[in-house]
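Inspection log for the structure reproduced underneath, given as structure tokens.
Where a number appears in this text, it was derived from the coordinates with a stated rule and is not lab data. Please read these numbers as outputs of a predicted model, since none were measured by experiment. Cβ coordinates were reconstructed from backbone atoms using ideal geometry, including for glycine residues, and neighbour counts include every protein chain displayed.
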């Protein structure tokens, strides 16, 4: 099996758009279409259907996703184990959501590399549900998420928190004014999102919905709207008068959890890395520009 076919399949499945998948893979749209046709010819089934410019997975395509992810993960692991320098004898795969890499996790990697000189690291950015699925499938060693899963095969430890405040680029804005200037909905996990949904007496369609804090920040700074963002991220803009805290909007503390396979913290060589991360004093910080 050509792994490029599987990567292309997964990208189209994620974006539900041949053009967007082509851009993300740095390919032409015709090359993406050709790869999907080649995959379908190899499998003997259709994996996508096209309905009014909407790309949908067929039942066979739905079943193929987990197999494709596992095959690519096994191949990547083989490449790492065979191709990694001999002196790098500890391997660690760690995943997190885009928001967590932006403001929380970026400082962890250098500290891990300093503490474990023979460490070979791989990172993944994905949605929480995909990260948990990768953990259960053995494709990830550690996932860092907002909502700790309750799966009995996984363990979780709180390793820090984010302070989230609602900000906008106009002074003296009340929470009741947000529907008028535009609500920028940032995904901070299920528990927090439920509280966001109850902010207003009437349902408010967000002017922007995003899972990336830096996209929300740029939108609010350059256009308008109000968004919940980490205090550490917006503090410089508050001090410079580019942003203002929305009056009447509650401040929220969002816990961050490290998740790993049950009893993995008692094994070698993963255990020492898990305990090291658990003991770190991880602080939210500005993205590296």
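Fewest to most neighbouring Cβ within 10 Å: what's the order for 5, 243?
So the residues, fewest neighbours to most, are 5, 243.
Post the alpha-carbon centroid distance, region 119-178 to region 229-249, in whole angstrom.
Answer, in whole Å: 22.
Given the options 13, 249, 31, state which has the largest fluctuation in a GNM of the chain using a 10 Å cut-off (strictly under) for Cα springs.
Ranking 13, 249, 31 by mean-square fluctuation puts 31 first.
Could you work out the relative contact order of region 150-289? I mean the mean sequence separation of Cα pairs under 8 Å and 6+ apart, divided by the number of residues, in percent.
Once divided by the residue count of region 150-289, the mean separation gives 45 percent.
When you count, for each residue, the other Cβ atoms within 10 Å and take the mean per peptide, how do 125-131, 261-267 rank with the highest first?
125-131, 261-267
Give me 75, 101 ranked fewest to most by other Cβ atoms within 10 Å of their Cβ, as a rough exposure proxy.
Ascending Cβ contact count within 10 Å gives the list 75, 101.
With r defined as the distance between the Cβ atoms of residue 281 and residue 255 and R0 fixed at 22 Å, what FRET efficiency is calculated, to the nearest 0.05?
The pair residue 281/residue 255 has a calculated efficiency of 0.90.
Who wins for biggest fluctuation among 183, 17, 237 in a Gaussian network model of the chain, springs between alpha carbons below 10 Å?
Largest GNM mean-square fluctuation: 17.
Taking every Cα atom in region 3-75, find the radius of gyration and the maximum pairwise distance Dmax, and write them in Å.
11.3, 36
How big is the convex hull of the Cα atoms of region 162-253, per residue, in Å³?
Each residue corresponds to 85 Å³ of Cα convex hull volume.
Enter the per residue convex hull volume of region 85-222, computed from alpha-carbon coordinates, in Å³ rounded to the nearest integer.
Here the figure is 139 Å³ per residue.
Could you please tell me the mean projected area of the C-alpha convex hull for the chain, averaged over all directions and given in square nanometres to one decimal?
With the hull built on Cα positions only, its mean projection is 17.9 nm².
Please give the length that would be gained between residue 76 and residue 56 if that part of the chain were fully extended, namely 0.36 nm times their separation in residues minus their C-alpha to C-alpha distance (nm, one decimal).
Net length gain for the segment: 4.5 nm.
Using the number of other C-beta atoms within 10 angstrom as an exposure proxy, rank 46, 158 with the fewest first.
Ranking 46, 158 by Cβ neighbours within 10 Å, fewest first, gives 158, 46.
Calculate the radius of gyration of the Cα atoms of region 114-182 to one decimal place, then report Dmax, the largest Cα-Cα distance, as a whole number, both in Å.
18.8, 54
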